[in-house]
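S.K.: Quick one: the structure is below, and I'll ask about it shortly.
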Amino acid sequence: MNVAYVSALYNIYEKDIANTRLIADVQKLLAQPFELILFVDDFYFPIVSNFQGKGKHVNIIHKPTSDLHIYNMLMDNKDKLTLPTKRNPEKDTHSYMALMHQKVEFLLLAKELTDKEYIAWIDAGSSKMLKDENSYIRLKNYHLINFENVLIPGCYLYPRSFQELCEMVYWNFLGTFYIVHRNYVQTFYEKSLQALSKFSEAGRITWEV
């Protein structure tokens with residue numbers, strides 16, 4: 001296996017109690033026998049630190065939101081950034097969008113914490129989609145060769161206009177799981193910032209996908 005997995009767990013809705021379903025998903029993810037780097041905020045750090053049955057290759061990193069560059073860049077300017085017109089107003093908030101864009105920065109931070117050739121993002125709640133136990137076995141046994149940038153699934157074969165992307169979600173790429181060669185992580189981060197800047201300059205914020 002030459003892949004390290006990266007995820008994050010943050011209380012972006014600032015609720016007083018943890019999301020029960022999400023906690024169950026994260027516990028299942030942390031129990032898997034592969035290298036996992038999990039970034040958590042002040043709220044979730046004591047919770048996940050006390051999980052029983054964590055895999056021996058799990059590395060929990062306490063990283064408050066105050067230390068997140070992309071997240072703070074977007075939140076500091078949220079009054080200038082208009083959210084998409086068609087969205088779930090309870091879920092698709094400024095803080096949610098900011099955390100989704102933060103994924104590429106988490107990969108960059110994780111690069112310094114592993115020597116694996118490939119670094120993969122996996123959403124903390126992804127186990128709700130991975131209902132087949134063989135999915136985790138495949139993740140554990142991944143050994144990738146012969147690609148040097150980003151391996152990511154997508155749903156659309158044709159581009160959407162800038163305006164369309166500002167109005168509603170289009171899964172041009174699927175953000176739940178993707179893999180980046182460690183030599184491309186910095187480039188992927190920079191290209192993501194360039195795209196993010198284009199939307200920010202237009203006064204818009206949208207999904208990272």
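The values are calculated or read from the model by the stated rules, or taken from the named source; none is laboratory data. A quick note: this is a predicted structure, and the numbers were derived from the prediction, not measured. Here the Cβ is made from the backbone with ideal geometry for all residues, glycine too, and neighbour counts use every protein chain on show. SASA here: full protein model, heavy atoms, side chains in, ligands and nucleic acids out. Shrake-Rupley method; radii C 1.70, N 1.55, O 1.52, S 1.80 Å.
S.K.: Show Thr176, Thr114 ordered by accessible area, largest first, where the area counts protein heavy atoms only and the probe is 1.4 Å.
M.R.: The most accessible residue leads, giving Thr176, Thr114.
S.K.: How many nm is it between the label spots at Glu90 and Asn72, if each spot is 7 Å from the Cα in line with the beta carbon?
M.R.: 3.2 nm
S.K.: Which order do you get for Cys166, Cys155 if you rank them by accessible area with a 1.4 Å probe, largest at the top?
M.R.: Cys155, Cys166
S.K.: If one computes the Cα centroid of region 96-170 and of region 57-86, what distance in Å separates the two points?
M.R.: 17 Å
S.K.: Tell me, what is the 1.4 Å probe accessible area of Glu148, in Å² to the nearest 10?
M.R.: Result for Glu148: roughly 140 Å² accessible.
S.K.: Largest first, please: the extent of the C-alpha atoms of the chain along each principal axis, to the nearest Å.
M.R.: Principal-axis extents of the Cα atoms in the chain, largest first: 45, 45, 31 Å.
S.K.: Could you look at the chain and say what percent of its accessible area is carbon and sulfur, using a 1.4 Å probe and all protein chains?
M.R.: 52 percent
S.K.: Relative contact order for region 58-192 using alpha-carbon pairs under 8 Å, separation at least 6, rounded to a whole percent?
M.R.: 31 percent
S.K.: Same structure again: Obtain the radius of gyration and the Kirkwood radius of region 57-118 from its C-alpha atoms and give Rg over Rh.
M.R.: Reported Rg/Rh (Cα atoms, Kirkwood Rh): 1.07.
S.K.: Something else about it: Among Gly154, Pro84, Tyr184, flag the residue with its Cα farthest along the positive direction of the charge dipole of the chain, charges on Cβ as +1 for Lys/Arg and -1 for Asp/Glu.
M.R.: Gly154
S.K.: Got a sec to turn the phi values of region 41-48 into Karplus ³J(HN,Hα) couplings, 6.51 cos²θ - 1.76 cosθ + 1.60 with θ = phi - 60°, whole Hz, x for Gly and Pro?
M.R.: With coefficients 6.51, -1.76 and 1.60, one gets 8, 4, 5, 8, 4, x, 5, 6 Hz.
S.K.: In square nanometres, what is one fourth of the surface area of the convex hull spanned by the alpha carbons of region 1-91?
M.R.: Spelled out: convex hull of the Cα atoms, projected over all directions, averaged, 7.7 nm².
S.K.: Okay, next question. Quick query: amide H of Asn11 versus all other amide H atoms, modeled in the peptide plane; which residues come in under 5 Å with a sequence gap of 5 or more or a different chain?
M.R.: Asp41, Phe43, Tyr44
S.K.: Which FRET efficiency, nearest 0.05, do Lys198 and Thr20 yield, Cβ-Cβ r, R0 30 Å? Mind showing how you got there, number by number?
M.R.: Values: r = 38 Å, r/R0 = 1.27.
Approximately 0.20, to the nearest 0.05.
S.K.: Short version: what are the Cα gyration tensor semi-axes of region 102-209, square root of 5 times each eigenvalue, largest first, in whole Å?
M.R.: Value: 26, 18, 13 Å, ordered largest first.
S.K.: When Lys and Arg each count +1 and Asp and Glu each count -1, what net charge do the other residues less than 11 Å away from Lys63, Cβ to Cβ, add up to?
M.R.: For residues surrounding Lys63, the net value is -4.
S.K.: Could I get the Rg over Rh figure for region 8-61? Both from C-alpha atoms, Rh via Kirkwood, rounded to two places.
M.R.: Working: Rg = 10.7 Å, Rh = 11.4 Å.
That ratio is 0.94, to two decimals.
S.K.: Using a 1.4 Å probe and counting only protein heavy atoms, arrange Ile152, Ile12 so the residue with the most accessible area comes first. Provide the component values of the computation, followed by the final result.
M.R.: Details: Ile152 55, Ile12 20 Å².
The ranking, largest first, comes out as Ile152, Ile12.
S.K.: At 0.36 nm per residue, minus the direct Cα-Cα distance, what do Thr82 and Thr176 gain on full extension? Give it in nm, one decimal, please.
M.R.: 31.4 nm
S.K.: Just the number, please: Stokes-Einstein D of region 72-162 in µm²/s, Kirkwood Rh from C-alpha pairs, 37 °C, 0.692 mPa s.
M.R.: On the way: Rh = 16.7 Å.
In µm²/s, the coefficient rounds to 197.
S.K.: What Kirkwood Rh does region 148-208 have if only Cα atoms enter the pairwise 1/r average? Answer in Å.
M.R.: 12.8 Å
S.K.: Next question. Given the DSSP H assignment, sum -39500 (n - 2.57) over each helix run of at least 4 residues in the chain and divide by its residue total; what's the result at 222 nm in deg cm²/dmol, nearest 500?
M.R.: -9500 deg cm²/dmol, from helical runs alone.
S.K.: Another question, then. Taking the simple approach of a point 7 Å from Cα along Cα-to-Cβ for both Ser135 and Phe51, what is their distance in nm?
M.R.: Spacing of the two 7 Å Cα→Cβ label points: 1.5 nm.
S.K.: Which residue fluctuates most in the GNM of the chain (Cα springs below 10 Å): Lys128, Lys28, Lys111?
M.R.: Among Lys128, Lys28, Lys111, the largest GNM mean-square fluctuation belongs to Lys128.
S.K.: Rolling a 1.4 angstrom probe over the protein heavy atoms, how many square angstrom per residue are accessible across region 58-198?
M.R.: Result: 56 Å² per residue.
S.K.: Could you sort 44-52, 138-146, 65-73 so that the peptide with the highest average Cβ count within 10 Å comes first and the rest follow in order?
M.R.: Ranking the peptides 44-52, 138-146, 65-73 by packing returns 65-73, 44-52, 138-146.
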